[in-house]
Amino acid sequence: MKRRTNAPIFWLLFGAGGMLSALLGPALVFITGLAVPLGWPLPGDLLSHSRVLALAQGVVGKGLLFAVVMLFAWHAAHRLFHSLHDVGIPLGWPARIACYGSALVITLVAAASLLAIGF
């Protein structure tokens, strides 16, 4: 009899995070790293504290920020876990706990931080 596995859950988070990072990652790097600091073509106050706080306090903005942080973290954790094999590190429970545990901690910190900001 075949044992049940939790691998599909991690593959789902990996796939969703990979798709999101492929679609949004370059745009986020361009906007936050080039366009806003240089003031071209976006206004320099686009990422001002009051605007970002307003985004993080809204329900939709809070959900989007949480989804981006969570899915990027789980994608990175899954990629790092499977990259350990390439560098000769065994894929035992310590590696799983280190990789997926860090993604879980990042997810929980993001959720707590977004809830602490308030609505």
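The values are calculated or read from the model by the stated rules, or taken from the named source; none is laboratory data. Keep in mind that this is a model prediction, so the values were computed, not measured. Glycine gets a Cβ as well: all are built from the backbone with ideal geometry, and neighbour counts include every protein chain shown.
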Out of Ala73, Ala103, Ala110, Ala77, which single residue is in contact (Cβ under 8 Å) with a residue 24 or more places away in the chain, among the hydrophobic types (A, V, I, L, M, F, W, C), in contact with a Cys (Cβ under 7 Å, 6 or more places away or on another chain) and on the phi < 0 side of the Ramachandran plot? Ala77
Among the candidates Leu23, Leu64, Leu38, single out the residue that is hydrophobic (A, V, I, L, M, F, W, C) and surrounded by 12 or more Cβ atoms within 10 Å (Cβ to Cβ). Leu64
Filter result (in a helix (DSSP H, G or I) and exposed (fewer than 11 other Cβ atoms within 10 Å of the Cβ)) within segment 95-119: Ala112, Ala116
I'd like the residue in segment 26-70 that is in a helix (DSSP H, G or I) and aromatic (Phe, Trp, Tyr) and, out of all such residues, is modelled with the lowest pLDDT. Phe30
